[in-house]
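The values are calculated or read from the model by the stated rules, or taken from the named source; none is laboratory data. What you are looking at is a predicted structure, and each value in this text was computed from that prediction instead of being measured. Methodologically, a virtual Cβ is constructed for each residue, glycine included, from the backbone with ideal geometry; neighbour enumeration extends over all protein chains shown.
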Amino acid sequence: MSKIILVSGSSGMIGKALCTKLEADGFEVRKLKRSSTALGANEFFWNPETSEFDILAIENVDYVVHLAGEPIAQHWNEKSKKAISDSRILGTRLLVESLKLAESKAKFISSSGINFYGAQVGLNEAGEDLQIDRADGFLSEVCHEWESEAQSLEGLGNSVVYLRTGVVLNKYGGALARMLPAFKFGFGGVVGSGKQWMSWIELDDLVRIILWSIHSNYSGPLNAVAPSPIQNRDFVKVLGRVLKRPTVFPLPAFLVDILFGTMGRETVLADIGVLPRVLENSGFEWNCPTAESALKKALNYDR
């Protein structure tokens with residue numbers, strides 16, 4: 001009998017790739033949708049803003065993978081920041097309350113981010129054991145509140161994984177997709193000082209990490225990143241080499257601040273180099289352990 005898994009955010013870049021793999025592996029995949037019209041097979045309506053949820057979505061469910069959230073890469077103002085925060089916190093709260101109401105013991109894999117550790121961590125080798133006394137910045141605050149919403153499930157006996165994801169490398173979405181046009185035309189370059197660390201993950205490896213979290217007995221925070229964080233200046237060199245394009249047009253920090261404000265400081269200027277100690281200790285093997293292998297795969301240059 002196939003296992004039943006419920007996925008939020010199934011229409012996003014990560015969600016689409018995950019659902020395709022889950023279905024290929026024989027899971028019965030149920031998807032949460034924000035529109036109540038034209039729902040297909042195994043699609044269920046929910047609305048975190050109004051606390052509406054079709055309780056049939058979690059009937060006999062074995063796993064829940066919660067990926068839904070408002071895009072980070074947009075102009076930040078009070079309205080957009082509220083949307084970013086609410087989409088994650090209210091969504092998690094609604095799922096958790098629904099699981100409690102149904103007395104479900106489903107394993108809960110909740111998306112989070114390496115921003116949990118703050119925007120200026122530097123290179124830190126502690127992995128998931130890195131101790132953070134308090135949130136540092138807007139995205140860090142969101143991640144802390146996001147994770148806290150799921151913690152109450154642990155007291156009820158549910159296994160909970162907090163998926164702290166790094167920069168996802170894929171040409172169809174995320175940071176790489178936004179960078180590609182400039183780099184392809186030879187206008188790419190170092191951002192800020194170039195010394196800031198970046199923890200990243202190739203999309204297919206991220207899907208494999210989520211599958212690992214489903215099949216393993218692990219519960220707790222999980223750094224969903226590759227084992228080789230890279231500084232911006234080196235990442236830029238590798239991307240230019242893969243694309244066979246020059247990378248001589250820097251983007252100074254002051255210009256990032258003018259163009260993007262706080263969003264830029266907490267994303268493209270963020271200095272977050274964390275390691276996936278839990279995955280390393282488990283023997284997990286990345287298909288793309290280096291930035292070069294990941295970029296070649298992401299850009300279909302690995303043939």
### Message
For a quick check of your reading of the model, give me the residue pairs whose first member lies in the stretch 229-246 and is part of a strand (DSSP E or B), whose second is of a type outside the set (A, V, I, L, M, F, W, C) and at pLDDT 95 or above, with beta-carbon atoms closer than 7 Å and at least 6 apart or on different chains.
### Response
Gln231/Gly194; Gln231/Lys195; Gln231/Gln196
### Task
Determine whether the stretch 273-283 contains at least one residue that is outside any helix (DSSP H, G or I), among the hydroxyl-bearing types (Ser, Thr, Tyr) and either buried (at least 16 other Cβ atoms within 10 Å of the Cβ) or more than 20 Å from the chain's Cα centre (by Cα) (or both).
no
### Query
Which ones in the stretch 14-34 are surrounded by fewer than 16 Cβ atoms within 10 Å (Cβ to Cβ) and either in a loop (DSSP other than H, G, I, E, B) or touching a helix residue (DSSP H, G or I) at 6+ places or on another chain (Cβ under 7 Å) (or both)?
Asp25, Gly26, Arg34
### Task
Output the residues belonging to the stretch 24-58 that are in contact with a Lys or Arg (Cβ under 8 Å, 6 or more places away or on another chain) and farther than 24 Å from Leu211 by Cβ.
Leu39, Phe45, Asn47, Pro48
### Task
Could you tell me which of the residues Ser85, Ser11 is in a helix (DSSP H, G or I), surrounded by fewer than 20 Cβ atoms within 10 Å (Cβ to Cβ) and of a type in the set (Ser, Thr, Tyr)?
Ser85
### Task
Could you grab the pairs with beta carbons closer than 6 Å, sequence gap of 6+ or different chains, first residue in the stretch 37-52 and touching a residue at least 60 places away in the same chain (Cβ under 8 Å), second one among the hydroxyl-bearing types (Ser, Thr, Tyr) and surrounded by 12 or more Cβ atoms within 10 Å (Cβ to Cβ)?
none
### Message
Just to verify a result, which residue in the stretch 163-222, among those that are modelled with pLDDT of 95 or more, in a helix (DSSP H, G or I) and not hydrophobic (A, V, I, L, M, F, W, C), is surrounded by the most Cβ atoms within 10 Å (Cβ to Cβ)?
### Response
Asp205
### Query
Does any residue of the stretch 173-187 turn out to be in contact with a helix residue (DSSP H, G or I) (Cβ under 9 Å, 6 or more places away or on another chain), closer than 18 Å to Val274 by Cβ and of a type in the set (Phe, Trp, Tyr)?
no
### Task
Spot the failing condition for Ile258; the list is (1) crowded, with 17+ Cβ neighbours inside 10 Å; (2) more than 17 Å from the chain's Cα centre (by Cα), and only one is missed.
(1)
#### Entry: Lone unmet requirement of (1) surrounded by fewer than 18 Cβ atoms within 10 Å (Cβ to Cβ); (2) in contact (Cβ under 8 Å) with a residue 60 or more places away in the chain; (3) under 30 Å from Ser282 (Cα atoms); (4) touching a helix residue (DSSP H, G or I) at 6+ places or on another chain (Cβ under 8 Å) for Ile132
(2)
### Task
Residue by residue through the stretch 1-36, note down the ones that are among the β-branched types (Val, Ile, Thr) and either free of Cβ contacts under 8 Å to residues at least 12 places away in the same chain or closer than 20 Å to Pro71 by Cα (or both).
Val7, Ile14, Thr20
### Task
Please find, among Val268, Val256, the residue that is outside any helix (DSSP H, G or I), within 18 Å of Ala73 (Cα to Cα) and β-branched (Val, Ile, Thr).
Val268
